[in-house]
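Here's the structure we're looking at; comments come further down.
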């Protein structure tokens, strides 16, 4: 643990590793901050399918029956399995997704305050809030995809991810978190009998609130 902490501390002043998740429309106190522990990766998927996947079963059966009637002696399974039916057609693409792991070692009172703040914000990002009358619950951070009245901009309750000075991604939802606490403990207040885990690691899964276009994704990368 000692060598691991030394490596963590050595990266604290490197701006390339600094991460901020800012709540859309929120103040500075509504930002999850930290620094990257691992490489960050992004996956982009397009979906393709054959005619048998694009058309429903009833349509395929009608087509197969027609072909079977034209070619006596061919049964249905051979009639629909042609090279044309294996051609791949574009059917759509996936939401932008990525994940982060941030670490919060306790070194002094300021780092302990940061430790508590970021864990609380991470929990609030995925857990529902109490609604009026304490009867209903509402989406985390009052997420409302209709709050902008269209597709331009990004709605209340989404997050803006910034990494160093090279990446800015708006319109993200935090869909899951995992908080891991170290076995080693420390006394955050000198002379106090109370102790807390020395290091907390927060892993987060992020997904775009809607599909992004190629132009939007390219704009996220602030390469010189």
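The values are calculated or read from the model by the stated rules, or taken from the named source; none is laboratory data. Values in this document were obtained by computation on a predicted structure and should not be read as measured data. Glycine also receives a Cβ, built like all others from the backbone with ideal geometry; neighbour counts cover every protein chain displayed.
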In the range 187-224, how many are under 30 Å from residue 106 (Cα atoms), under 17 Å from the mean Cα position of the chain (by Cα) and crowded, with 18+ Cβ neighbours inside 10 Å? 3
From 60, 87, 32, residue being at negative phi, modelled with pLDDT under 80 and either surrounded by 15 or more Cβ atoms within 10 Å (Cβ to Cβ) or not assigned by TED's automatic domain parsing to the domain that holds residue 209 (or both): 60
Residue set 126, 199, 138; condition assigned by TED's automatic domain parsing to the domain that holds residue 100 and within 28 Å of residue 92 (Cα to Cα); output residue 126
Residue 194 vs (1) in contact (Cβ under 8 Å) with a residue 12 or more places away in the chain; (2) out of contact with any strand residue (DSSP E or B) (no Cβ under 7 Å at 6 or more places or on another chain): all pass except (1)
